[in-house]
Structures are given as structure tokens and as C-alpha cells.
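The structure appears below as C-alpha cells.
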Amino acid sequence: MFGRRKAALGDAEAAAHDEARAEEATGPRADGPWDVSEVTIDEDDDSRVDLGSLLVTPYEGLEVQLQVEEASGQVAGVVLAGEEGALELKAFAAPRNGDIWDDVRRSVTAEVAQLGGTASEQEGPFGTELVVALTVELPDGQHAQQISKVVGVAGPRWLLRATMFGRPAVEYREDGDIETALRDVVVVRGGTPFPPGDVLPLTLPPGAQPAAPLPE
């Protein structure tokens, strides 16, 4: 698994790697999500899905769903869905010495208000997060309130926005499948210049099929 030291590393090399990673990933991100520079990746390891700017692990019980724009064929988002809930991921470009989460949070709050919902701030494991409540229409025509939680995790020149649905939106569990999958995400910022706030591009792996819209 990525995000963990490979057994093939020698003790001295592994210790140096862990020390360097501890210096680079601190605060809320001390246990992930990771920048690609902070992990050891084995080219022969096929346990992760390479989506270009994101590497994700499809743990047992979690299905990786790719949302693709029909007109352009571009991957618009990635969702990890399981029995307890779902996790939607998007990565954004950020300044080298800045955090754009405040701006993104305000943008999300405004979008939710336009949809007639509410977004309230609270403190969580990753810092300030948003709890969003929206009224949605169910497949049978009935209406229900959907609760989601939006967190922002800042890394080197990137921001990872994670939206949780289902159980993880209302109850955080350190060992939960969604929470574990989030902490094992690796962001690949790359060297291409992007204006701060631009979404980092995702790519469709060979043989992958686009997913249906995120279930409400």
C-alpha cells in the first residue's frame, strides 16, 4: 500500500525516509493525505488507481467511481463509495506559500445557499470543515435532507477538497473505511503551472468505465 514504508527498504533508508516525511507532512496532514514527494511508490505495485493528479486505493468494500463529462470526455471527479457512505475528491492548485481553503470554503457556502441549503463551520481532524444540509429528491419522488461534510487539506502547492456522505458526514471514525481511504490519497501536483484555485486535471485509466452520478 502507498503511504506506508516498503519492506524492501533498508533500516537506515527507511528511517531517513520517515524522518523526511514527518518534516514535510505535519499538523492535520501528519497521517495523510500525502504529496507524491512524501511517499515511496513501487512501480510494480498495482494496489492503487492512477488518476493523474490523484492516486487512490480501492480498499475492499469501496468502489472507485469516475464522473466523466459527457461532452468533453474529461474526468470531472472521483468518488469512493461503500456501504457506510461515499467520498468525493477534487484537488486544486494553490500558491507555494498560501492556503486557499478559506476561499474555497466561502465558494462552497455560496453555492449551497443558491441551492437553498445551509453550510455551517465546525472544527474537525483536518481543521475547519463545512457541514452541508440540502433537500434532495429521492428516486421515488419523495424529498429528504442530505447531510454532507466538506474538508480541505492543504499540501505543497495544492488543496485537496474531500466531501463525505453517509456515516462519515456525521460521525468521524479514525479507522473508518472512508477516513482511511482519504488519509491514503496521494496528490500529484506536477510541474505544470496552474492559477491558484484551478482544478488539477484527472485522467481516465485504461479500461475504466465512467460512473453514474453520485447517488443521493
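Observations
- FRET efficiency, S37 to E60 (Cβ-Cβ, R0 35 Å, nearest 0.05): 0.80
- Taking Cβ atoms as reference points and 11 Å as the exclusive limit, the residues near R167 contribute a net charge of -3, counting Lys and Arg as +1 and Asp and Glu as -1.
- Shown here for segment 58-123: trypsin sites (Lys or Arg not before Pro) in loop regions (DSSP other than H, G, I, E, B) with at most 14 other Cβ atoms within 10 Å, namely R96.
- In sequence order, segment 48-53 has phi-based couplings of 10, 9, 8, 10, x, 7 Hz under the Karplus curve 6.51 cos²θ - 1.76 cosθ + 1.60, θ = phi - 60°, and Gly or Pro positions carry x.
- Relative contact order, percent, segment 11-187 [alpha-carbon distance under 8 Å, six or more residues apart]: 26 percent
Every read-out reported here was derived from the displayed coordinates using simple, explicitly stated rules and does not represent laboratory data. These numbers come from a predicted model, not from an experiment. Don't worry about glycine lacking a Cβ; one is built from the backbone with ideal geometry, like all the others, and counts go over all protein chains shown.
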